[in-house]
Each structure stands twice: as C-alpha cells, then as structure tokens.
Amino acid sequence: MSTRLSRRRFMALTGATAAHAALYAAPTTVVMPRAGVQSLAGQWRFALDRDDAGVKEAWFASDLHATTKISMPGILQSQGYGDDITADTQFVAALPRDMAWYKLPQYAAYTKPGHVEVPYLSQPVKHYLGAAWYQRDIDVPAAWRGKRVGLMLERTRWQTTVYLDEKEMGTCHSLVAPHEYDLGVLAPGRHRLSIRIDNRMILPYRPDGHGVSDGEGSTWNGIVGRIELAATSPVWIEDAQVFPNLAEKSAHIKVRVSNATGTPGSGMLSVGATKVPVTWGPSGGEATIDVALPNATPWSEFTPVLQHLTLKLNGPAAEDQRALTFGMREIKADGKRILLNCELFHFRATHDGGGFPLTGYPATDVASWKRIITVCKTWGLNGIRFHSWCPPEAAFTAADEQGFYLQPECGMWNAFDADGKMLAVLNDETARLIKAYGNHPSLVLLNATNEPAGHYAEQLPTWDKKWHDADPRRFYSDGTGRFAPPPGGAGHPYSADYLVTPGARGPRGWFGGDYENVLQTMLHGFAIPAIGHEVGQWCAYPDFDVIRKFTGYMVPGNYRIWRDSAEAHGLLAKNKEIAHASGRFQVACYKEEIEANLRTPSYSGYELLDLHDYLGQGGALIGLLDAFWEPKSYVTPEEFQQFNNVT
C-alpha cells in the first residue's frame, strides 16, 4: 500500500506543471566546458569545398582565408553559407515518392527563383551537401607537457576527418555518438587544427532515416554541442561501464585502459576505499572492480535516484579519473511481461524524429531536454522512441534525472545487404552508442533500426544475441515495426528481447475491443513482450497561426501552400473551426486507440505517432501538440491524461 501511495505522490509532484514556454525560441545553449577541458567554441576559419579539392591541395597544411569565419559550435547553413532553395534542390528524402512537384501546375507560383516553397517538407534556409573545412589555432598549455590530448566533437554529421598541423589524425562517420580523436602527446604551444566535414550520403542509408534526411532538417553541416580538447596521462581510462546488481546491492565496473607509451605496466584502480590491481600491455588492458552499494535506491520513473562514483587509475604514467553516474536498475522478461526492478513495466512513449525547427540540429543542453520531457510527462507519457536516430547525451542526462525511459535507434532505416556490410556498420554504431550512453539508466530499450529491409531476417538475430550477451543492462530489438522471425523457425524463441509490433492497432480494437487475437497471430503464440508500433497516426487540420512560430532554420513552405489552397477554396475564414472540429475527432481516435492497447493483455505499452507534429513526408500533423511541443487549442493535458497515464 505504501508503495502505491508514494508512486502516486511522486507522479503528482513531477507531472503537475506543463512547460508552456516556447521551446527553442533561441539557438541551443552553448554547453560550458568541464573542469580541466579546453573548449574550442568561438570563431573558426572556414571554406566550402564544392569540388573536393581540399585534400588533394592540402588545405590543412596552411591557414584558410582569414576573412571567412564561422561561429562554432554551429552549422554552416544557418550562418548564410550553402545554396538557396530552388525548384530542383536535391533534398535527401524519398517520401513522398513523386519529387517532380515543380512540374505540376498548382505549384507553378511556388517555383520562382528566390521565392521557392516546397510542398512536401519544411525546407531549410539554405541547402548544402558536400565537404566543408573548419580550422583554427589551438594552444597547448605548458601544464599539458607529456600528456596525451584527445579531441571530442559532440555531435556532427556525417564524416569528419581531422588534421593536426600537416598530419591526418583519422576519420569518423558516426551519426549516433561523439566523434573522438586521439591527438597523441603534443608539444606545448600553437598548433593548427583542421576538420573536414562531409555531409553527403556517405553510406547507402535510406534517405528517410532521421539521422540523414531533410524531412526534419537533418542534412546540416557543422559541429554542435561540446568541441573540446582534454588532456590525460599517457595511460588513461578509455571506458568504464557500470553494471548494477540489485540482488547483491553492488556495482560491477568494467574498465578499459589505453596506453600511449607503448610500454607495459601495472597500477591500481580504486573507487573510494575499494582497490584492485590492473595491468596493461603496450596498447592497453582491461580490468573489473566491484563496489558495494548497500543503501542504493533502485532507479525507475517513480524513484529516479542516481548513484555517483569516482573511478581512479594510478601507476607509472597513469594518473586519471572518471566520474561515473548511473542508476541501480535491472530489466528482465517474465514471459510476455517486462519487469523493471522486478515490477511491471509499461511503456507509454511518443515518437520523435529529431525535428528542431528553429535550429535544425538537436539540442545538446540538458535544460532543453528537461522541457521536452516535462511536456511529455504532463501529457501522461513515460518515454520517447527516437525513430532512426539517437539524441545527444543531454537527452539521457535529463531523462535520468526526471525518471523517463528512452528507446533510441542506431541511426538507421536501412536495407541489409547479403555481404553483411550494413550489419558491420550497425555493430560499429552500436558499440559507439553504448560506450557513450551505456551508463544512463534511462537507456532501457535499444533498437537496431526502423523497419529493416533486405537480408535483415537472417542477419539481425546475430545483432540481438551479440549485444544482449555483451551488455544485458537493457532490452534489444532488431527492428522497430518489422522484426526478424525466430532463427529456429516457428515455435522457437525470437532472438530479440521484445518486439515492437505493427498491425495490432487501429479501429478493429475500438469501442470495447482489443488486439489480443491479432497480436497472438502475429507472434505465433510465443510468449515475448510486445509494444505497439506507431500507434495512432490520426491527423488534424492545421491551425495556420503556427506559421508565425517558424522564425529560424526551417521555413514552413508546406504550411503556406496549404494555407493558400484553403484561401483559394474559400475555407481560410473557417480555419479555426475546421482545426478545432478535426482536432476533437483526432482526440477521440487517440482515446479509442490507446484504450484498446491497454485492454490487450499481451501488450507492454505503445509508441505513439505522435504527441507532436512531424514536418517531413509531406507533413504529418498527427500531434496533439505542434512541432514546437506546444499544445493546440482543442485538448488539454488533463483531458488526455484521463486515458493516457499510469495504470
């Protein structure tokens, strides 16, 4: 009884207040550097490389033109660089499938140079696909003499190549995690840092994936979030992952040590008074340390209590430490049920495609994500599913602190080739994602890709097993909305820990019914947890007043075209009435859909499409909120919570 009361009180305290202030009314806040780290925020030298001449001509070997500057963190398109939008701009998108819109007579007025409006997405202010160079001088302080220096680019896309003075330091093409570079042991003084960023389609990803598509503005070129240099001892802590053990009230920490000296050695790992010896070879080594936590409170949406430890490494050429924040939680399956800390887990999530209309790029500050999460909780949700993308660390930090569950995907909505090349990319991205965010307790679910195609049925079960065996701190599912069948055939277990299922949704379960028979047919009667895929998708007519909110990166050409069409058909004067009437019908549909899911015994939750509007694929106005996470006029969070809340 006391547990139930404390949970209700917790929900009342944390979910009572909506964030009514506009989100993203200004560019994303610059995150201040951590102690002992040198921020590289500021003015950088800059050049577009339309002809890919920079590498051949060694642009990195001398200063770029000093009068061409760009502010970093930032993106080039919003700072006036790139190309104006034209009727034949080659947007990265495949939906809708007919891109020859400019040939249709009804759009002739929107194809005039300098005044192009695109009907199937909210277009960026500028468009550019190709290479660009970012360069600045860095000063290595005398205090860093003999230390190893690392460079971290928190969020960039898609491929970066880093040069220090005249030397290439490496290349990275991750969409889900920071791009990190080991610059080695640097001599104190001034050095020239050059970064080549290529935002073209580096790999054969589906162009509607939200890490690569213009649908929600994700074709920008630049670096956002933290841009930092950090110095460590020549032997340092490369990675530390914390594995909670609730039964033993302890934490098992897996540590990877890297070594820039090339000389084997040994030292000591410690957390408080707990110490263990560690050895390393010429390139590094691994160790584990167990820490007792007798008074730790389990982490969940009801008790978002975090644990904080400091891991230290000491020895010859080794003097490093890592602050570790994590939550004491475990996730397991009991047949078709999901148990979090041995208690029933029910996922009430919204879809998110990474749309940030005013900046074009995802927020990298915790405050912005806390506002989004507060909005979601106020509307009765406890999670977000990130469709074919993964948010920056600030989202996980905010979710940890607020007791909120996240299900990212590894940046994919892809077909898997017979040779396993895309599978190899998936495994690489998964490793980066887990290294960057694996200690966050809010990362309870991780999916490989949205709706995979190609050879996924035979390949993705290996991904499920590989990562579940390596890191069972969360549930894994190989495909959101389209999953691999049991590797052993019908009647055998699925390789995934849970399934996100399409089909068992829609009007067939409304008005007192449910989806149990449809779901069991889909699962062939096998007992595995299931969550409803993209539940809802009920559209409402737009209130064209939202156009005034688009004051930044994304331009609402599609909304303006719809508004002009309404005016031409004599409907604009009734805009408010039509938006309200269609909105009330939308609310009724969502109510029936959610309640039918709740009545389905074998469901462990649902992922709505969507709490807020989606700007791509022609514009999907399926939200109770607009694209800025602000309420529309026809429903309140209090009404929505009556059928979408803790059960």
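The values are calculated or read from the model by the stated rules, or taken from the named source; none is laboratory data. Everything numeric here is computed off the predicted structure, so don't read it as measured data. Cβ atoms come from the backbone with ideal geometry, glycine included; neighbour counts cover every protein chain shown. Protein only, heavy atoms only, side chains kept; ligands, DNA and RNA dropped before computing areas. Shrake-Rupley method; radii C 1.70, N 1.55, O 1.52, S 1.80 Å.
A few remarks follow.
- When LEU64 is tested against (1) touching a helix residue (DSSP H, G or I) at 6+ places or on another chain (Cβ under 6 Å); (2) within 30 Å of LEU164 (Cα to Cα); (3) of a type in the set (A, V, I, L, M), only condition (1) is not met.
- Every pair of residues 6+ apart whose Cβ atoms lie under 6 Å, when the first sits in the stretch 301-322 and is in contact (Cβ under 8 Å) with a residue 12 or more places away in the chain while the second is open to solvent by 70 Å² or more (accessible area, probe 1.4 Å) and of a type in the set (A, V, I, L, M, F, W, C): THR310/ALA323; ASN314/MET268
- All conditions in (1) under 29 Å from PRO408 (Cα atoms); (2) in contact with a Ser or Thr (Cβ under 9 Å, 6 or more places away or on another chain); (3) modelled with pLDDT of 95 or more hold for GLU216, with the sole exception of (3).
- Count of residues meeting criterion [touching a His at 6+ places or on another chain (Cβ under 9 Å) and either polar (S, T, N, Q) or assigned to a loop (DSSP other than H, G, I, E, B) (or both)] in the stretch 346-365: 4
- Qualifying residue in the stretch 600-621 (condition: assigned to a helix (DSSP H, G or I), more than 23 Å from ARG337 (Cα to Cα) and either hydrophobic (A, V, I, L, M, F, W, C) or in contact with an Asp or Glu (Cβ under 6 Å, 6 or more places away or on another chain) (or both)): no
- Top-ranked residue of the stretch 521-540 - restricted to ones that are open to solvent by 70 Å² or more (accessible area, probe 1.4 Å) and not β-branched (Val, Ile, Thr), ranked as nearest to ILE338 (Cα to Cα): HIS524
- Applying a threshold of 8 Å to beta carbon distances and a minimum spacing of six or more residues, or different chains, the list of pairs starting in the stretch 34-58 at a residue that is closer than 19 Å to LEU151 by Cβ and ending at one that is among the charged types (D, E, K, R) and assigned to a loop (DSSP other than H, G, I, E, B) reads ARG45/ASP63.
- Residue selected from the stretch 610-624 under the condition among the aliphatic types (A, V, I, L, M) and crowded, with 21+ Cβ neighbours inside 10 Å, by the criterion modelled with the lowest pLDDT: LEU615
- You will find that of SER258, SER300, SER233, the residue that is open to solvent by less than 30 Å² (accessible area, probe 1.4 Å) and closer than 30 Å to ARG348 by Cβ is SER300 and no other.
- Qualifying residue in the stretch 344-353 (condition: more than 29 Å from ASP497 (Cβ to Cβ) and open to solvent by 40 Å² or more (accessible area, probe 1.4 Å)): no
- Residue within the stretch 366-388 that is open to solvent by less than 10 Å² (accessible area, probe 1.4 Å), assigned to a loop (DSSP other than H, G, I, E, B), small (Gly, Ala, Ser) and in contact with a strand residue (DSSP E or B) (Cβ under 9 Å, 6 or more places away or on another chain) present: yes
- Residue check for VAL276: under 33 Å from the mean Cα position of the chain (by Cα) and of a type outside the set (S, T, N, Q): no
- Checking each residue in the stretch 407-441 for being under 30 Å from HIS308 (Cβ atoms), of a type in the set (A, V, I, L, M) and either assigned to a loop (DSSP other than H, G, I, E, B) or in contact with a helix residue (DSSP H, G or I) (Cβ under 7 Å, 6 or more places away or on another chain) (or both) picks out only ALA436.
- Unique residue being in contact with a strand residue (DSSP E or B) (Cβ under 6 Å, 6 or more places away or on another chain) and either within 24 Å of PRO244 (Cβ to Cβ) or among the basic types (Lys, Arg) (or both) when the list is ASP290, ASP334: ASP290
- The condition of being farther than 12 Å from GLY557 by Cβ and not basic (Lys, Arg) holds for only one of ALA93, ALA109, ALA87, that being ALA93.
- Any chance PRO487 is within 24 Å of ASP208 (Cβ to Cβ) and surrounded by fewer than 21 Cβ atoms within 10 Å (Cβ to Cβ): no
- Taken over the stretch 442-461, residues that are closer than 16 Å to VAL500 by Cα, part of a strand (DSSP E or B) and open to solvent by 10 Å² or more (accessible area, probe 1.4 Å) amount to 1.
- Filter result (surrounded by fewer than 23 Cβ atoms within 10 Å (Cβ to Cβ) and among the hydrophobic types (A, V, I, L, M, F, W, C)) within the stretch 406-421: ALA415, ALA418
- Residues being assigned to a helix (DSSP H, G or I), closer than 23 Å to LEU121 by Cα and open to solvent by 60 Å² or more (accessible area, probe 1.4 Å) - total across the stretch 546-590: 8
- Qualifying residue in the stretch 11-29 (condition: at pLDDT below 85, at positive phi and either aromatic (Phe, Trp, Tyr) or outside any loop (DSSP other than H, G, I, E, B) (or both)): yes
- Top-ranked residue of the stretch 313-343 - restricted to ones that are farther than 30 Å from GLY262 by Cα and among the acidic types (Asp, Glu), ranked as surrounded by the most Cβ atoms within 10 Å (Cβ to Cβ): GLU330
- Considering residues of the stretch 622-647 that are aliphatic (A, V, I, L, M) and part of a loop (DSSP other than H, G, I, E, B) only, the residue nearest to GLU301 (Cα to Cα): VAL646
- Only one of the numbered conditions (1) polar (S, T, N, Q); (2) buried (at least 24 other Cβ atoms within 10 Å of the Cβ); (3) in contact with a Leu (Cβ under 8 Å, 6 or more places away or on another chain) is not met by THR480, and that is (3).
- Within the stretch 266-280, the set of residues being open to solvent by 20 Å² or more (accessible area, probe 1.4 Å) and either of a type outside the set (Gly, Ala, Ser) or outside any strand (DSSP E or B) (or both) comprises MET268, GLY272, ALA273, THR274, LYS275, VAL276, PRO277, THR279.
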